[in-house]
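Notes follow the structure.
The values are calculated or read from the model by the stated rules, or taken from the named source; none is laboratory data. From a predicted model like this one, the values you see are computed outputs, not experimental measurements. For neighbour counting, all protein chains shown are included, and Cβ atoms are generated from backbone atoms with ideal geometry for every residue, glycine included. Ligands, DNA and RNA are stripped out before the accessible areas are found, and what is left, the full protein with its side chains, is counted by its heavy atoms. Shrake-Rupley method; radii C 1.70, N 1.55, O 1.52, S 1.80 Å.
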Amino acid sequence: MPEIERNEHVLIVGGSSGMGLSLAASLLAEGARVTIAGRDAARLQDARASLPEASLLNTEMADITKEDDVIRLFDRLGPVDHIVSTAASLEGVYRLLPELELPAVRRAVDSKLIGPLLLAKHGAPSLSEKGSITFTSGIAAYRPAARGSVVAAVNGALASLAYALAIELAPIRVNVVSPGWVDSPIWATVAGDQKETMLEAMAERLPVGRVGQPADIAHAIGFLMRNGFTTGSVLHVDGGHRLV
């Protein structure tokens, strides 16, 4: 990961587990100031306990699907150098179309599309001209499967949102990282006790011979944050999944 700038401050929404937590750990180890924002106080407390450099770490309660929460979040934070969103609420959306229930669909859209839109709306004024915003989409938009229509739709929409915001918010840079299958806690929701079996089967299919780890995605987000010539891009970190 490229070196951080002195006193760099990074906001990670959804940073209390998985990819976001891995990114927070790597940034703190390099000396960056990190704020993790989330809705669950217990998970934020667990994240704080698991991370190094507590003096550089701040945690904030915020629900990014609620505009008032986002406004208050940035009022408390002050200037920020980079905004990263890895948040997703996908419980109940990996279903065949006849089984989908609208409340679950709305939670997914709110967490993965409306939330990032609100972060950009209210976070952009806190960013410098060298700042960046990074969203997290996923392989479902590019290799859709049965039971994945909602996730495919919101992930695809994030790419279009980033393209438009890269123009509107310029010179602030706006990008998307698109992970493939990553061994992260969200699989407990997606696959339950079939997690290991499904991940092993996918590892055999992928050209790289394994599924992703949270650190793989954290490294990619670090690139998007620090590369000043990258904006309006989708960075695919999927082990070659789009090819098989």
Of the residues in the stretch 34-51 that are among the hydrophobic types (A, V, I, L, M, F, W, C) and over 25 Å from Leu118 (Cα atoms), the one that is nearest to the chain's Cα centre (by Cα) is Leu51
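Yes or no, residue by residue, for (1) touching a Cys at 6+ places or on another chain (Cβ under 9 Å); (2) modelled with pLDDT under 95; (3) within 17 Å of Val13 (Cα to Cα):
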position: Ser132; (1), (2), (3): no, no, yes
position: Phe135; (1), (2), (3): no, no, yes
position: Ala140; (1), (2), (3): no, no, no
position: Asp183; (1), (2), (3): no, yes, no
position: Gly209; (1), (2), (3): no, no, no
position: Gly222; (1), (2), (3): no, no, yes
Quick count over the stretch 158-205, residues being closer than 23 Å to Glu91 by Cβ, assigned to a helix (DSSP H, G or I) and of a type in the set (Val, Ile, Thr), is 3
Of the residues in the stretch 119-169, those that are small (Gly, Ala, Ser), under 24 Å from Asp81 (Cα atoms) and open to solvent by 20 Å² or more (accessible area, probe 1.4 Å) come to Ser126, Ser128, Ser160, Ala164
Pairing a residue in the stretch 58-85 that is among the charged types (D, E, K, R) with any residue that is in a loop (DSSP other than H, G, I, E, B), where Cβ atoms lie under 6 Å and the two sit 6 or more apart in sequence or on different chains, gives Asp63/Arg39; Asp69/Ala62; Asp69/Asp63; Asp81/Glu8; Asp81/Gly131
Residue hits (the stretch 206-221; out of contact with any helix residue (DSSP H, G or I) (no Cβ under 7 Å at 6 or more places or on another chain), part of a helix (DSSP H, G or I) and small (Gly, Ala, Ser)) are Ala220
Note on Tyr94: of the conditions (1) aromatic (Phe, Trp, Tyr); (2) assigned to a loop (DSSP other than H, G, I, E, B); (3) in contact with a strand residue (DSSP E or B) (Cβ under 7 Å, 6 or more places away or on another chain), unmet is (3)
Pairs returned, first residue in the stretch 198-217 that is touching a residue at least 60 places away in the same chain (Cβ under 8 Å) and among the acidic types (Asp, Glu), second residue that is surrounded by 15 or more Cβ atoms within 10 Å (Cβ to Cβ) and not in a loop (DSSP other than H, G, I, E, B), beta-carbon separation under 8 angstrom, 6 or more apart or interchain, are none
Ala108: passes all of (1) over 15 Å from Ser17 (Cα atoms); (2) without any contact (Cβ under 8 Å) to a residue 60 or more places away in the chain; (3) part of a loop (DSSP other than H, G, I, E, B) but (3)
Taking the stretch 158-197 and keeping residues among the hydrophobic types (A, V, I, L, M, F, W, C), without any contact (Cβ under 8 Å) to a residue 24 or more places away in the chain and farther than 18 Å from Leu235 by Cβ leaves Trp187, Ala188, Ala191
Counting only residues in the stretch 170-210 that are open to solvent by 60 Å² or more (accessible area, probe 1.4 Å) and touching a Gly at 6+ places or on another chain (Cβ under 6 Å), the one nearest to Arg242 (Cα to Cα) is identified as Pro207
